Amino acid sequence: MAERIRGNEYRYFTVCIDKLDGNIMSGSFYNPYLTGGQDFTGLLDLILGIDGLLNEMGNVQQGCSIRSFTRNTDAAGDIRSSAISERGQLATFSIKILFRQNASWQGSVTWLEGKAEESFRSVLELIYLMNSACMAS
């Protein structure tokens, strides 16, 4: 499969948190590659959804191969642009993924309602940042 080059806008994901039920976040995430939002229930659903989309786009290359019990094949799709102006009922985050190294993500997250930005060095750190903002809302 030929490697595709994508612009930096495809590194950005808008995550809208609509509900926090105990420790389970639910909402939608958006990216210019998608025609609309993709719903998620729980952080695992969110993380696997974003990671799968990054694999599909061929953007932000993985630093190591994913291990699994079954073989997984990825199919590339067409680029679709959409204006992202969605807001979560509880919180909204803009996540920029710069790297995928050491089986994790590195980048920055902006909490739009709180007008605060932080860098993260792992998905776990990203989860803690998002959770602290949701608890403050």
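The values are calculated or read from the model by the stated rules, or taken from the named source; none is laboratory data. Computed from a prediction, not measured in an experiment: that's the story for all the values here. Backbone-built Cβ (ideal geometry, glycine too); neighbour counts: all protein chains shown.
Given (1) hydroxyl-bearing (Ser, Thr, Tyr); (2) part of a loop (DSSP other than H, G, I, E, B); (3) modelled with pLDDT of 90 or more, identify the lone condition not met by THR73.
Among (1) hydroxyl-bearing (Ser, Thr, Tyr); (2) part of a loop (DSSP other than H, G, I, E, B); (3) modelled with pLDDT of 90 or more, THR73 violates only (3).
Considering only the stretch 8-53, state which residues are assigned to a loop (DSSP other than H, G, I, E, B) and either hydrophobic (A, V, I, L, M, F, W, C) or in contact with a Leu (Cβ under 7 Å, 6 or more places away or on another chain) (or both).
Matches in the stretch 8-53: ASN31, TYR33, LEU34.
Of the residues that sit in the stretch 21-44 and are under 19 Å from SER132 (Cα atoms) and out of contact with any strand residue (DSSP E or B) (no Cβ under 8 Å at 6 or more places or on another chain), which one is modelled with the highest pLDDT?
LEU44
Restricted to the stretch 90-110, and to residues that are hydroxyl-bearing (Ser, Thr, Tyr) and surrounded by fewer than 20 Cβ atoms within 10 Å (Cβ to Cβ), which residue is nearest to the chain's Cα centre (by Cα)?
Looking at the filtered set, the residue picked out is SER94.
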